Structures are given as C-alpha cells and as structure tokens.
Amino acid sequence: MAFVRRHNDQGNMCVVARRGDPIAGQVFIEVDHLDGTRSLFTPAPMVSRGDSAALMFQRRFNRVEPDLVRQRIARETEFDPDLWVISLDLRGDDPGIDIVKNPGLS
C-alpha cells in the first residue's frame, strides 16, 4: 500500500487492480506508459537477487501491446489465484522498484 500511496502522492495514478492473499500472494506491477504500451514487472527469482533479501522485480515485458500484458496476467491468475496486481500509470520508465538485470529482454 505504501507503493500505491507514494505514486498517487507523486501524481501518478496507482491502484490495486487485483487483490490476492495478504500473506502468500505474489505482486505483479503493470505499468501503463500512457502511449499505448505497457510493461510488466514480476517478482525476481531468488537466484537473481544475489545476496539481497530485499524484494526485487524483473521486467517481463517492456513497452509492449497492452493485450500481451493482460494475457500474461490472466494466465498467471489461473495458475495462482493468490496473485496481486498493481496498476500504475507512468509516463517514464522508472516505477521506483528494485529491478534485476535481465540480459535476454529487448
């Protein structure tokens, strides 16, 4: 909720689009860049985090068609009904989260 409040205070529209399990649910962050594209951030695997115990994300999609992001979220919620989705409207590229490097992403 701090993430949502921080972005709303900065003038970025941010809402919890889907509520999951408060204890076991993973968090996906969907970013609408307000130019017809979206990005999707998902929790990074533990192996990608190195020595950090902090919550880190990986970029799954970078500025793609919105349907690709929606389809991925829909598939994931079928598999994991505990999933949370935060939706953020952001003109820039920095959602203010820790992101691991993903060399395979273009």
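Read-outs throughout are calculated quantities, based only on the coordinates presented, and are distinct from any laboratory measurement. Bear in mind the structure is a predicted one, so any value in this text is a computation, not a measurement. All Cβ positions, even for glycine, are placed from backbone atoms using ideal geometry, and neighbour counts span all protein chains on display.
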(message) Take Ala2 and Phe79, extend 7 Å from each Cα along the Cα→Cβ direction, and tell me the distance between the two endpoints in nm.
(response) 2.9 nm
(message) Explain nothing, just compute: Karplus ³J(HN,Hα) = 6.51 cos²θ - 1.76 cosθ + 1.60, θ = phi - 60°, for every residue of the stretch 77-90 in order, whole Hz, x for Gly and Pro.
(response) 5, 5, 7, 10, x, 7, 5, 9, 10, 9, 10, 10, 8, 8
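Near Ala17, within a Cβ-to-Cβ distance under 14 Å, what is the net charge of the other residues, with Lys and Arg +1 and Asp and Glu -1? Don't skip to the answer; put the middle values down first.
Values: positive: Arg18, Arg19, Arg38, Arg70, Arg72; negative: Glu30, Asp32, Glu76, Asp89.
Neighbour charge sum, excluding Ala17 itself: +1.
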(message) How big is the chain along each principal axis, measuring the range of its Cα positions in Å and listing the largest first?
(response) 34, 31, 28
(message) Using +1 at the C-beta of Lys and Arg and -1 at the C-beta of Asp and Glu, which of Phe79, Asn8, Gly25 has the Cα lying farthest in the positive direction of the dipole of the stretch 2-89?
(response) Asn8
(message) Could you give the length gained by full extension between Asp89 and Arg19, i.e. 0.36 nm per residue of separation minus their alpha carbon distance, to one decimal place?
(response) 23.4 nm
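Excluding His33 itself, what net charge comes from residues whose Cβ is under 14 Å from its Cβ, given Lys and Arg +1 and Asp and Glu -1?
Working: positive: Arg38, Arg59, Arg63, Arg91; negative: Glu30, Asp32, Asp35, Glu65, Asp89, Asp93, Asp94.
After counting each charged neighbour, the total is -3.
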(message) Looking at the chain only, what percent of DSSP beta bridges run antiparallel? Nearest 5 please.
(response) 65 percent
